[in-house]
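Coordinate-derived values only; no laboratory data. Because the structure is a prediction, the values reported are computed rather than measured. Cβ placement follows ideal geometry from the backbone for every residue including glycine, while neighbour counts extend to all protein chains displayed.
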Amino acid sequence: MNSLRHTVRRFPACRTSGWSALMAGFAAIGVLTVAAQAGEPDATSIVRDAVNHWRGVSSDSVMTMVIHRPDWERSMTMRAWTKGDKKSLVRVLEPRKDRGNGTLTDDNNMWSYSPKINRVIKIPSSMMGQSWMGSDFSNNDVARADDIIDQYDHSILSVTEAEGITIYEIESVPHEEAAVVWGREVLQIREDHVVISHRFYDQDGELVKQLTSLEIGEMGGRLVALRQRMAKVEAEDEWTEIQLDSIEYDVDLKDSLFTLSNLRNPRD
Amino acid sequence: MHMFAILARLAWRNLWRNHRRTFIMLAAIVLGSWAMIFMTALMRGMVTEVIKDGISALPGHVQVHHPKYRDDPSVANLIPIPDSEMSAKFAAAGLKGWASRVRVPAVITSEYDSRGVTLLGIDPERERGLTFIDYDEIDGRFLESVDDPGIVIGRKLARTLETEIGKRIVIMSQDPDNEIADRGFRVVGLFTANVTAFEEAFVFAGKSTTQKMLRIGDRTSELFAVGDDYRNVDAVYSQVTELVDAGVEVKSWFELDAYLGTMLKVMDGFLLVWVIVIFLALSFGLVNTLVMAVFERVREIGLMLALGMKPRNILGQIIIESLMLLTIGLVIGTALAWLAVQPIKEGIDVSIVAEGMDMWGMSSVLYPELLLRDVILANVVVLVLGFFASLSPAWRAAHYEPVEAITKV
């Protein structure tokens, strides 16, 4: 769930201006020069700052996830806690029939619990690529969103300005041996560390899916993406949106919150 | 001996007295024995292909595993002996072929799809020619060493995943502590397999690369050895048993794949049944022919008996006649079967029905296999049973009452 939150936080809404789209085509080298002239930070630290910005030391939030398909739509309300960059716990509040379903992540590992079967199941590696709670996010997206910092080589594609805010477009190419299938990922990050969009390209350079921040605002004392949408390019009418209902940063969370026994028997 | 010569001459002449009937009977025997031998060769060929494919997929004639590996082929059940120690022993033993490998279930993921596969961490040089992979038929290249950073997947799997040579895929599995073990690999080659199901089932990576990814150090999941003849693996089996310590499980291929093992045994029994069934159909014709020959010659037989020929000589004459007929038929039939196999020795392309054959784990080229022992089996069965079948008419002829027989109208 970590990632979910990651994602949530990570991709602030994107009102991509025509401006930035135009700039996106710039060769990286040229752009780097621009960046260097402006005395801007390097790409890796921009990404790291963005990740740290949404992660905080800890957080406690309530969010609503809407899964949209051509012939149906459902929404779930969940409460999520995160601590550090490894631990997270998500529990479903609504709808009633799913109430109590939970997901715990701890350093790339993931467990899920369903009160209906009263069992904690460790998500095996074979299922990490599968959908998380039926959404367009995969278990991997949820459990290991941190990989973006150290498993990739980052470079600045372009620096643009929209509505007075500088936007960095950063290309992240996974390391040769990184467990990442994408050919490259392109992030748009504002100078205030809010991620506007995160696009995933295949190894032929085709856009496969993208996470966009539809709404950016202040909550919990920080500027974050309030509503984000993950959508596959091939299936326009299928997407998942996550809306942040409330969030509190730097709350004091006990380690015992992120344990298997708490996943099974909530004591919060 | 003198008597036998006379009887043989009498039998031979009788045989050609009604040559039309003899020819018809001969045709039946020729066709029957041809069918027995030719079809046997085809069936043998089919079974041999299935077994060879099966053994090359296992692979090997004898395998060594952790005792629990076959019930739960996971990374938790590795051979409890370090690979380097085992390899040193096996290299010194002078086996015809052997290799150790890591074999774990894994998930392969591309940008578009993911599939469950069996990940094989192999030593490509050691396994050359021992498995179903033909190193020269690889698109791109095969692995070059145990440290090769690349991965080789099946052509069909590549299509499913929408990936190709030069692109990266992710392999995900678990380490012995149940933690996720994963790594990106670049596809360096695509293999083709006779059995297309293998193209989706197996992916090959370097042994050391795989061990590093799974964090299992110097350990492997299985070791296999190959002997000279898959029909007889006792020698390899005892050799391997001596090389490994207690605490591992050594199994031969027919125990590892009971279906294949049973197939070989069932085939031998089945061939006998097949030969006998054809013979039964033949025997009706044979007995009928002999009975007719005896009926026609009642007076003649009576005369010979009256002149002093002993009943057992009459019996012998009829039986010799029958055996002569069978022998001629069998010789021609066997020769025809041999000739029929010659033009298709290089294999019959049955790719028209390849999809159906695939379901049975068969390849799309069929190599007939004419074994001497199958030919002998068919001939001996026909001669022996033919002898018994001709006893009844011969017995009848030998026991005519001379007076009655002579006067019979």
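Structure data summary
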read-out: Sites B:W12 and B:V273 - FRET efficiency at Förster radius 35 Å, r taken between beta-carbons, to 0.05; value: 0.55
read-out: 222 nm mean residue ellipticity, helices alone, for chain B (DSSP H n ≥ 4; -39,500 (n - 2.57); rounded to 500); value: -17500 deg cm²/dmol
read-out: Coil-residue trypsin sites (Lys or Arg not before Pro) of the range A:37-92, DSSP, other Cβ within 10 Å capped at 16; value: A:K86
read-out: Loop trypsin sites (Lys or Arg not before Pro), the range A:216-268 (other Cβ atoms within 10 Å of the site Cβ: 13 or fewer; DSSP); value: A:K254, A:R267
read-out: Simple label model, 7 Å out from Cα along Cβ direction - B:K265 to A:E191, nm; value: 8.2 nm
read-out: Trypsin sites (Lys or Arg not before Pro) restricted to DSSP loop in the range B:5-47 with at most 15 other C-beta within 10 Å; value: B:R17
read-out: Cα-centred dipole magnitude for the protein assembly as shown, charges only on beta-carbon of K, R (+1) and D, E (-1), debye, nearest 20; value: 3860 debye
read-out: Under 27 Å from the Cα of A:K97 - lysines, other chains or at least 8 residues apart; value: A:K87, A:K116, A:K122
read-out: Under the span-like rule (Cα at least 27 Å along the axis, Kyte-Doolittle mean at least 1.0), DSSP H helices of chain B; value: B:258-296, B:311-341, B:372-398
read-out: Hits among lysines - C-alpha to C-alpha of B:K68 under 17 Å, sequence gap 8 or more where chains match; value: B:K251
read-out: Hits among lysines - C-alpha to C-alpha of A:K232 under 23 Å, sequence gap 8 or more where chains match; value: A:K209, B:K167
read-out: Average other protein chain Cβ within 10 Å of Cβ, residues A:204-212; value: 1
read-out: Tensor-based shape of the range B:162-241 (alpha-carbon gyration tensor, a/c under 1.5 rounded, otherwise prolate or oblate); value: oblate
read-out: Per-pair calculated FRET efficiency, R0 = 45 Å: B:E137 and B:A88 via Cβ, rounded to 0.05; value: 0.90
